Amino acid sequence: MLNYKHLQYFLQVAKSGSVNRAAEKLHLTPQTLSGQIKGFEERLGVALFRRSGRKLDLTEAGRLALSYADEIFRIGAELEETLGESPGSRMTPFRVGISDAVPKTISHRLLMPALGLSEPVKLICREDRLERLVAELAIHRLDIVLANKPMPANVDVKGYSHPLGESGVAFFADRALAREMGPDFPDNLDGMPLLLPGEDSALRVPLLRWLEKKGVNPRIAGEFDDSALMKSFGEAGLGVFPSPAVIADEVVRHYRVARIGQTDEIRERYFAITVERHVRHPAVLAMSETAHSDLFRRQSRRAKA
């Protein structure tokens, strides 16, 4: 059985980088604290620290232990906070990982239904690369991951990708650049500066293939992992940028840009990734229902037409 007092001592030493400084904060003697840490290492069967001059550095096992310790005490604090609330005001945590390739507007519209459930939900969002989010999902630090592609096949995690919907792709530019380009889409992209999604985006390869198929050769002016940053540079006039057609009106309004054209030959898909084969979490069910009945409904009809 893990000794949580030892875990607290380890965490303090790891954060302080010194037994003496940690001992002062814990109101222990350095000798006592050193003995406790040694006993903790013996219990685990690994060395957590190595001495570097007058400092203590974490070993690889120590860094792993630190990540778990941080999470254990964070969950403990969350438990105290939740139980300390009156029964009528308690909120169920809903931890969502959002791939940085998913547009913020789509994330917002997908997640809003979770906040309208009869049982109050505390929404906790984390944004990162998909592979790191899936790793967090595997150890139950997240309830769901939103992504614009299924779970990567090269990740050794048992999970399931639930389709939420798909959208065609629209192209936008600041109004001065739009006037310069003219109306003949997609030929008007030829020779123009283009902002591309980063290499992790599922849109990038289909977009490049579509441009090649159309015989259009824009000039690549930038590449962005963060779709919001790409739009901001597009708003500033750096180049034309793609975005899901399903949120075209919001993009035009928020970034004060013009829509250049749209194609349904490129389809950007969105998924909810969970560790469950059959989704049971009420917030995920509400989100999925909104995706199918509202957000992507018109796009699905158009694609089938």
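The values are calculated or read from the model by the stated rules, or taken from the named source; none is laboratory data. Since this is a predicted model, take the numbers as computed values, not measurements. We place every Cβ from the backbone using ideal geometry, glycine too, and count neighbours over all the protein chains shown.
Matching residues to (1) acidic (Asp, Glu); (2) at pLDDT 95 or above; (3) touching a Ser or Thr at 6+ places or on another chain (Cβ under 6 Å):
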| residue | (1), (2), (3) |
| --- | --- |
| Asp156 | yes, no, no |
| Glu166 | yes, no, no |
| Phe171 | no, yes, no |
| Met181 | no, no, no |
| Pro193 | no, yes, no |
| Gly198 | no, no, no |
| Leu203 | no, no, no |
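Between Asp174, Asp184, the distinction of being surrounded by fewer than 15 Cβ atoms within 10 Å (Cβ to Cβ), in the same structural domain as Gln262 (by TED's automatic domain parsing) and within 17 Å of Pro242 (Cα to Cα) belongs to Asp184 only.
Condition first: assigned to a helix (DSSP H, G or I) and free of Cβ contacts under 8 Å to residues at least 60 places away in the same chain. Now tell me which residues in the stretch 188-201 satisfy that. Quick ask: steps written out before the conclusion?
Step one: list which residues in the stretch 188-201 are assigned to a helix (DSSP H, G or I), which gives 188-189.
Matches in the stretch 188-201: none.
Taken together, the residues in the stretch 152-187 that are among the hydrophobic types (A, V, I, L, M, F, W, C), in a loop (DSSP other than H, G, I, E, B) and touching a helix residue (DSSP H, G or I) at 6+ places or on another chain (Cβ under 6 Å) amount to 2. Among the residues making up the stretch 102-144, those that are in contact (Cβ under 8 Å) with a residue 24 or more places away in the chain and charged (D, E, K, R) are Lys104, Arg109, Glu119, Lys122, Arg126, Glu127, Asp128, Arg129, Glu131, Glu136, Arg141, Asp143.
Scan the stretch 217-246 for residues that are within 25 Å of the chain's Cα centre (by Cα), of a type in the set (A, V, I, L, M, F, W, C) and surrounded by fewer than 20 Cβ atoms within 10 Å (Cβ to Cβ) and jot them down. Hits for the stretch 217-246 are Ala228, Leu229, Phe233.
Residue-level check: of (1) modelled with pLDDT under 85; (2) surrounded by fewer than 17 Cβ atoms within 10 Å (Cβ to Cβ), Leu123 misses just (1). In the set Phe10, Phe49, Phe40, only one residue is closer than 23 Å to Glu71 by Cβ, buried (at least 18 other Cβ atoms within 10 Å of the Cβ) and touching a strand residue (DSSP E or B) at 6+ places or on another chain (Cβ under 6 Å); that residue is Phe49.
Within the stretch 274-286, the set of residues being touching a residue at least 24 places away in the same chain (Cβ under 8 Å) and either in a helix (DSSP H, G or I) or not assigned by TED's automatic domain parsing to the domain that holds Pro103 (or both) comprises Pro282, Ala283, Val284, Ala286.
Would you mention how many residues in the stretch 202-216 are touching a residue at least 60 places away in the same chain (Cβ under 8 Å) and buried (at least 17 other Cβ atoms within 10 Å of the Cβ)? Spell out how you get there, then give the answer.
First, pick out the residues of the stretch 202-216 that are touching a residue at least 60 places away in the same chain (Cβ under 8 Å): 202-203, 206.
Subset that is buried (at least 17 other Cβ atoms within 10 Å of the Cβ): 202-203.
Counting residues in the stretch 202-216 that are touching a residue at least 60 places away in the same chain (Cβ under 8 Å) and buried (at least 17 other Cβ atoms within 10 Å of the Cβ) gives 2.
Under the condition of being basic (Lys, Arg) and assigned to a helix (DSSP H, G or I), which residue from the stretch 17-61 is nearest to Tyr4 (Cα to Cα)?
Kept after step one, since they are basic (Lys, Arg), are these residues of the stretch 17-61: 21, 25, 38, 43, 50-51, 54-55.
Subset that is assigned to a helix (DSSP H, G or I): 21, 25, 38, 43.
Working: Arg21: 20, Lys25: 17, Lys38: 15, Arg43: 12 Å.
Going through the qualifying residues, I end up with Arg43.
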